[in-house]
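Here the structure is laid out as structure tokens; the discussion comes afterwards.
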Amino acid sequence: MAENARELARREIAFCESLLAKGGLSVLTDTFRDTTEIRAWDHYPPGDVFDPASGSQWFYHCHPAEEGAEEHGHFHCFLRPRGPEGPIHHLAAVGVDARGRLLRLFTVNQWVVGDDWLDAEGTIALLPRFDVQMPRPSYLVNRWLTAVFAAWDEEIAGLIRERDRALATHRPAEGVEARQDRVLEVISELKLAAGRYLAD
């Protein structure tokens with residue numbers, strides 16, 4: 001993607017966040033719209049978000065709270081290239097803090113999400129198709145998440161390649177496949193300064 005397109009995507013991220021902030025909201029609070037209780041491991045919104053036009057799918061969840069942890073939780077993002085009944089491929093996850101500010105992008109091992117495995121180049125080829133245009137739970141959250149993938153497309157591709165390299169060199173215990181080894185959870189990550197998307 002051209003650098004200009006990445007800059008436009010970062011501006012869209014900032015626009016979505018500023019529009020939500022006008023109403024005292026964030027991408028996180030809008031994700032939890034109509035939610036009365038937030039529980040670790042549950043998917044938000046219930047039933048996930050799926051765009052039948054693009055095959056994009058995502059859910060948000062958090063882990064049990066840890067003292068001093070900056071990250072509240074993360075959006076797991078997928079692509080179903082053959083529709084809702086076809087295979088599902090995890091692209092990357094987007095970690096945010098309690099204010100909904102972007103903290104990191106990362107990949108996980110197959111056992112974490114139980115997706116249909118696709119190698120790095122096959123997964124990277126799906127990245128441009130991640131485009132969520134749905135009203136639920138919030139159109140702004142969906143556009144924000146789509147823009148994250150557009151703004152850091154090259155970096156996410158690099159993380160996916162790093163994922164496969166790490167798996168290729170990993171030596172699990174005998175009888176355990178590398179992609180099912182629970183020693184490996186987060187495989188590659190890129191940390192970002194919260195709220196710093198645009199050049200000064």
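The values are calculated or read from the model by the stated rules, or taken from the named source; none is laboratory data. Only a predicted model underlies this, so the values are computations on that prediction, with no experimental measurement involved. We place every Cβ from the backbone using ideal geometry, glycine too, and count neighbours over all the protein chains shown. Heads up: the accessible areas ignore ligands, DNA and RNA and are worked out on the full protein's heavy atoms, side chains in. Shrake-Rupley method; radii C 1.70, N 1.55, O 1.52, S 1.80 Å.
Given the residues Ala53, Ala69, which is the only one that is part of a loop (DSSP other than H, G, I, E, B), closer than 20 Å to Phe149 by Cβ and open to solvent by 50 Å² or more (accessible area, probe 1.4 Å)?
None of the other options fit; the residue is Ala53.
Could you look through region 28-50, keep only residues that are touching a strand residue (DSSP E or B) at 6+ places or on another chain (Cβ under 7 Å) and open to solvent by less than 20 Å² (accessible area, probe 1.4 Å), and pick out the one that is nearest to Arg99 (Cα to Cα)?
This residue is Leu28.
Does region 72-85 hold any residues that are on the phi < 0 side of the Ramachandran plot, in contact (Cβ under 8 Å) with a residue 12 or more places away in the chain and surrounded by fewer than 19 Cβ atoms within 10 Å (Cβ to Cβ), and which are they?
Once the filter is applied, which keeps residues that are on the phi < 0 side of the Ramachandran plot, in contact (Cβ under 8 Å) with a residue 12 or more places away in the chain and surrounded by fewer than 19 Cβ atoms within 10 Å (Cβ to Cβ), region 72-85 yields Pro81, Arg82, Pro84.
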